1. Any idea how far apart Arg125 and Gln8 come out in nm if each label point goes 7 Å out from Cα toward Cβ?
2. Where does each of 342-353, 21-32 land if you order them by average Cβ count within 10 Å, highest first?
3. Give the long-range amide H neighbours of Ile232: residues separated by 5 or more places, or on another chain, with amide H under 5 Å away, using H modelled in the peptide plane at 1.01 Å from N.
4. With each label point set 7 Å from Cα along the Cα-Cβ vector, what nm distance links Glu275 and Ser231?
5. Using each residue's phi in segment 233-245, evaluate 6.51 cos²θ - 1.76 cosθ + 1.60 at θ = phi - 60° and report the 3J(HN,Hα) Karplus result to the nearest Hz, with x for Gly and Pro.
6. Please identify, among Ser387, Ser246, Ser132, the residue showing maximal mean-square fluctuation in a Gaussian network model of the chain using a 10 angstrom Cα cutoff.
7. Helix hunt in the chain: which complete DSSP H runs extend at least 15 Å axially by C-alpha with mean Kyte-Doolittle at least 1.6?
8. Short version: ³J(HN,Hα) in whole Hz for each residue of segment 194-200, in order, from phi by Karplus 6.51 cos²θ - 1.76 cosθ + 1.60 (θ = phi - 60°), x for Gly and Pro, what are they?
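A short reminder: the numbers here are calculations on the coordinates, not readings from a lab. Here the structure is a predicted model, which is why all the values come from computation and not from measurement. Because the Cβ atoms are built from the backbone with ideal geometry, glycine has one as well, and the counts that use them run over all protein chains shown.
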Amino acid sequence: MASREQEQHFLANKTITVSGAGISGLAFAISLHKLWSSISTSPPPPITLYERDHSAVPKNREGYSLSLRSDRPSAGIQTLQKMGLLDRMLEVSITGLEGDATLGENDTQERKGEGGFVVWDKEFRKIMKVQSKTPKGCPVAGMRIARKDLRRTLVESVEGLPDVEIRWGEAVTGVSSAPDGGVEIETSKGRVETCDILLACDGSSSKLRGILRPNDTLKFAGPTCVFGTTSIAGHHPSGRDDEFGSAISGAGPALFIAPVDHESMIWCLSWQVDEPLVPKKPPMSPEDSQALLDEARKIGGPAYGEQLLKMIDDTDPKTLTRFNAMDKQPFTHSGAYITAPNLSSLQGKVIFLGDANHAVSPFAGNGANLALMDGWDFAESLVQSESLEEAVGRYDKLTVGRAKRVIAMSHFSIRVMHATGWWLWFWMGVLRVIRFLFFKKGD
């Protein structure tokens, strides 16, 4: 029988370029190095990540938290465990849910495992709390983590890998076929490089998707949203950093509340509109900040009353943002998936991961989970396959179906959160059935 070195893997002597050092791109680099030793004692292929941000935590961005989950179709917790990073993430998380490993200095062991997703009514009375069942072999069912801490920890892990480089402040802006049959990229700094495999991990507004699939654009899902940051004390309905969730008004607007750290939280007010509004993000003028605050008061005040108005009054204006809920369906890397004229020769050489393939809105509560899973699954597909074509086929079978389910679930969440009249009672009944069948029972 031939040795592992004699049976050279198809990735040997290949180079991989990743456009974007977000969650999916970083997860891929870590995962490929984690898995490579199972197939070869030679070094894994070199990986270069190009990232438009100038650092892991750019100024005026990343000021919110994410849910990492273990319930189907999510498996962010299980994926971090396979990557060998779960313990490190728990150390920097706001809270681990069920088996909390990150109690704040004012917490007690009695609070351990009590957190979860809460549904409140318009007067912030708790209707239900949902807690996922902890999977066998996992220390937690989920965690809430600041996106900046998730990304920083992934970056620190990548920076410790041999032959992996992150080029900060430099984005991939162009792509074409190289004379040798590979992929040629152009960057925002005028650099021209070639590689054998290009991964598009450059987010929901992917530059590469715009070039290679110009008609595959984001679709408006219905709500527009305004969010800002305030303190947990005096504003959070439960006064806790381990509970997050939605307050359903029954009047149309919806409110999402989640901790950013042990002291602060975000509120996100959303409402349905016919057309997306103009997005606003920091930094903005005092006049624009005041206009967003006034808008939130006008929409949210009648629905939620004084408690929301107090959150708005005590909001840090530098954190105010308005965005529209956007998403898009996933696609497979088969057939003529590159639709741009004159670039069909790149079929099978450019692979889309994370939001670049299947953008999800915050109402999915699952974008980070999908990104982690995509990174691991593509790396695992590569090491388990005998060709790039086989690997991409494996990857598509794992990712496309679950992304479609997550997007469908996000549309369901939008309907429930913004429901009025009898539809509100109907959807609340459906939620209770789902909770009874699939989740651990909270309060």
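1. Calculated label separation equals 7.2 nm.
2. Result, highest mean Cβ count within 10 Å first: 21-32, 342-353.
3. Long-range HN contacts for Ile232: Ser264, Met265.
4. Result: 4.2 nm between the two label points.
5. 4, x, 10, 5, x, 9, x, 10, 9, 10, 10, 9, x
6. Ser387
7. Passing helices, by number: none.
8. Values, residue by residue: 10, 8, 8, 9, 10, 9, 8 Hz.
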